[in-house]
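Data block below; observations after.
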Amino acid sequence: MVGLHKGEFQNSLVRWIDARLPVFTLMQKEYSAFPTPKNFNYFWNFGAIATVALLIMILTGIFLAMNYVPNSALAFESVQRIMRDVNYGWLIRYVHMNGASMFFIAVYIHIFRGIYYGSYKTPRELLWMLGVLILFLMMATAFMGYVLPWGQMSYWGATVITNLFSAFPLVGKAIVTWLWGGFSVDNPTLNRFFSLHYLLPFIIVAVVGLHVAALHVSGSNNPLGIDPKGPQDTVPFHPYYTIKDSVGLCVFLIVFAIFVFFAPNFFSNPDNSIPANPMMTPPEIVPEWYLLPYYAILRSVPNKLGGVLMMFGSIFILFFLPWLDTSPVRSAKFRPIFRQLVWLLVIDVLVLGEVGAHRPEGLWIIAGRVATAYYFLFFLVLLPIIGKLERPLPLPESISRPVLGPRSGGGGGPVAGGAPAKPMEKA
Amino acid sequence: MAEALSTSTVPHGETTKRDFLALVTGASALVGLGAIAWPLIDSMNPSKDVLALGSVEVNLAPIPEGQGITVMWRGKPVFVRHRTAKEIKEAEDVQLNQLIDPQPDSDRVKPGHAQWIVLIGICTHLGCVPLGNKPTDPRGNWGGWFCPCHGSQYDTSGRVRHGPAPANLAIPPYTFLDNTKIKIG
């Protein structure tokens, strides 16, 4: 039916707009009244933190692009000019540089949260897959952004990563030439990387929009991994989680600021302060820290195509996580074996990161291979099997029960909308 | 639950500590946003390398009487003209009440260097470059400069004599290093 939307707003201008374009109703419903499980811990901050990090990256990036010159003869100099001559250029660039690392830290913790508490399980499979897509887009964006300053690491990183595609039989060489727009990484490559580096963040914003839309259909998971049984198990998003997210965000921004102001080059490689030289490869090529685990997997496989496939596979496999995990219990809290294996996976990925930072010699090769094997073993073998074999701990009756304790089950704490604090039988 | 907390013991309409905290938080957030916004906004102002290009030196010796040259200063044309005695006299003898933007010629040249007029060659109407610096250019009815865009005319002191331009041609900051050399900016 055609008709105006009926809202309940005091302000007449707000009501007038809302009747024609119910954005205020949307905000009210999705961000204010939105019922959210009341037992979130601080791991649930990282979605909001990652969103803010994305916005910081876009904002600083727009201002950097005003002074950056995407030309192989001028790019390096233009970055030096940003650092020395542009007002606050050093600040904007350091925020952008460290912001990439901070964004990845937030997203990796967010992903860990999702795995540990089983947030990928039904009905949140698509939500999870959109998240994996965001991770993939982030990696592509970060890689192309790293090429732009046109230092030695930029140049040789670009050369090595684009050459990954040469591993594919028959079409490999042609793909690489197409990616480069020439016969080596050169000005055409830099130009297209700049264009795509500017484009992809906005695509990420769009996918984040879908990610959040999907979240608001299924509702948030929670540390217990059980569904809210009624209003007594939830609180409105505002003010409870706007405040909790703000606290986490402040801590995050403090850490961010410490890096920007006291250790701005902590994450960066000194070789990138040398202008790109196509005639000489630096003694050690190392990607940014957030790509090291994948790099370690690449180098652990003694076969060119095999390494490339394993590396891409390590991310691709995450798309199938909702179906690889056969257990119906979400939270690792109630899965004693899964919990240990997940922590082992965390250690495994950290080991892979460390391996990726070292030259592949001696023990590092062995460590890399063992860690790579466990990574794939976890997802492809252990997850499907333990889902069947493991005996989960008894799940609590409802979110309110373990939070309020068995004694206050009759209604102790504050209750949403005056509803009884008793788990409802059906819902 | 929100209702459960806000409808506590405080009577309606009374100022509470919570109101104070909300105001302080909001004000701090605003100050913080301003502090974040300023570096971004300021980054669009002229950078140090642009400001560093702010001065040029000009050798006046090769400019014959009655002719002028155009030099670039901060991305803009600057007219340097060697005026003849007649032109100087015309500029000095004008009654100030005849001018659109009254200013004596003596305020527009350096003392003792009345033969040199240095002007920013941008019409004060809408920013075109007036003609007249080359002897072959039209110089308008007052022997100075003529703007091809909307017909503004300037006299030999660079003062506007015929609209639509509202003001005289601007004079850049400059000093005589010696008798035949100036530094603009």
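Listed values, structure above:
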{"read-out": "Options A:Trp150, A:Asn67, A:Ile105, ranked by Cα towards positive dipole end of segment A:45-156, top entry (Cβ charges)", "value": "A:Ile105"}
{"read-out": "Normalised alpha carbon radius of gyration of chain B [divisor 2.2 N^0.38 Å]", "value": "1.76"}
{"read-out": "Cα gyration tensor, segment A:291-365 - rounded (a/c under 1.5), prolate or oblate", "value": "oblate"}
{"read-out": "Residue-averaged beta-carbon neighbours from other chains (10 angstrom radius) around A:85-92", "value": "6"}
{"read-out": "Distant-in-sequence amide H partners of B:Gly121 (H built 1.01 Å from N, under 5 Å)", "value": "B:Val78, B:Phe79"}
{"read-out": "Rounded to the nearest 10 Å², the accessible area of A:Trp90 at probe 1.4 Å", "value": "100"}
{"read-out": "With Cα atoms, 0 to 90° folded angle of helix A:125-147 axis to chain A main axis", "value": "30"}
{"read-out": "Reach of A:Lys173 by Cα under 27 Å, taken over lysines that are not fewer than 8 positions away in the same chain", "value": "A:Lys304"}
{"read-out": "Label point distance in nm, A:Val247-A:Val212, each placed 7 Å from Cα along Cα→Cβ", "value": "2.3"}
{"read-out": "Pairwise label distance in nanometres, A:Leu74 with B:Asp49, each label 7 Å out on the Cα-Cβ vector", "value": "0.9"}
{"read-out": "Between helix A:237-262 and chain A: long-axis angle, C-alpha atoms, 0 to 90°, nearest 10", "value": "20"}
{"read-out": "By accessible area with a 1.4 Å probe, ligands and nucleic acids excluded, highest first: order of A:Cys250, B:Cys123", "value": "A:Cys250, B:Cys123"}
{"read-out": "Residue order for A:Ile58, B:Ile117 - accessible surface, 1.4 angstrom probe, largest first", "value": "A:Ile58, B:Ile117"}
{"read-out": "A:Phe194 accessible area, 1.4 Å probe, all protein chains in place, Å² to nearest 10", "value": "40"}
{"read-out": "Heavy-atom accessible surface of segment B:51-184: percent carbon and sulfur, 1.4 Å", "value": "55"}
{"read-out": "Those Cys residues of the protein assembly as shown for which no other cysteine Cβ falls under 4.7 Å", "value": "A:Cys250"}
{"read-out": "Sorted peptide list for A:296-302, A:22-28, criterion being average Cβ within 10 angstrom, highest first", "value": "A:296-302, A:22-28"}
{"read-out": "10 Å Cβ neighbours from other chains, averaged over peptide A:375-383", "value": "0"}
{"read-out": "Helix B:17-42 axis, angle to chain B major axis (alpha carbon atoms, nearest 10°)", "value": "30"}
{"read-out": "Computed label-point distance, nm, for sites B:Val24 and A:Gln340 using a 7 Å Cα→Cβ extension", "value": "5.0"}
{"read-out": "Quotient of Cα Rg and 2.2 N^0.38 Å for chain A, N being how many residues it contains", "value": "1.11"}
{"read-out": "Buried accessible area, chains A and B (both chains, 1.4 Å probe, Å² to nearest 100)", "value": "1500"}
{"read-out": "Minimum 20 Å² accessible area buried by the other protein chains, segment A:34-71 residues, probe 1.4 Å, relative to alone", "value": "A:Leu59, A:Phe63, A:Met66"}
{"read-out": "Taking chain B and dividing mean pair separation by its residue count, relative contact order in percent (alpha carbons under 8 Å, at least six apart)", "value": "19"}
{"read-out": "Long pairs among A:Lys38/B:Lys17; A:Lys244/B:Lys17; A:Lys121/A:Lys388; A:Lys38/A:Lys244, criterion Cα-Cα beyond 23 Å", "value": "A:Lys38/B:Lys17"}
{"read-out": "Distant-in-sequence amide H partners of A:Tyr68 (H built 1.01 Å from N, under 5 Å)", "value": "none"}
{"read-out": "Sequence of A:Thr122, A:Thr234 from largest to smallest accessible area, 1.4 Å probe", "value": "A:Thr122, A:Thr234"}
{"read-out": "Compactness of segment A:237-311 as Cα Rg over 2.2 N^0.38 Å, two decimals", "value": "1.72"}
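The values are calculated or read from the model by the stated rules, or taken from the named source; none is laboratory data. Note that the structure is predicted; figures quoted are calculated from it, not measured. Cβ coordinates were reconstructed from backbone atoms using ideal geometry, including for glycine residues, and neighbour counts include every protein chain displayed. Just the protein is used for accessible areas: all its heavy atoms, side chains included, with ligands, DNA and RNA removed. Shrake-Rupley method; radii C 1.70, N 1.55, O 1.52, S 1.80 Å.
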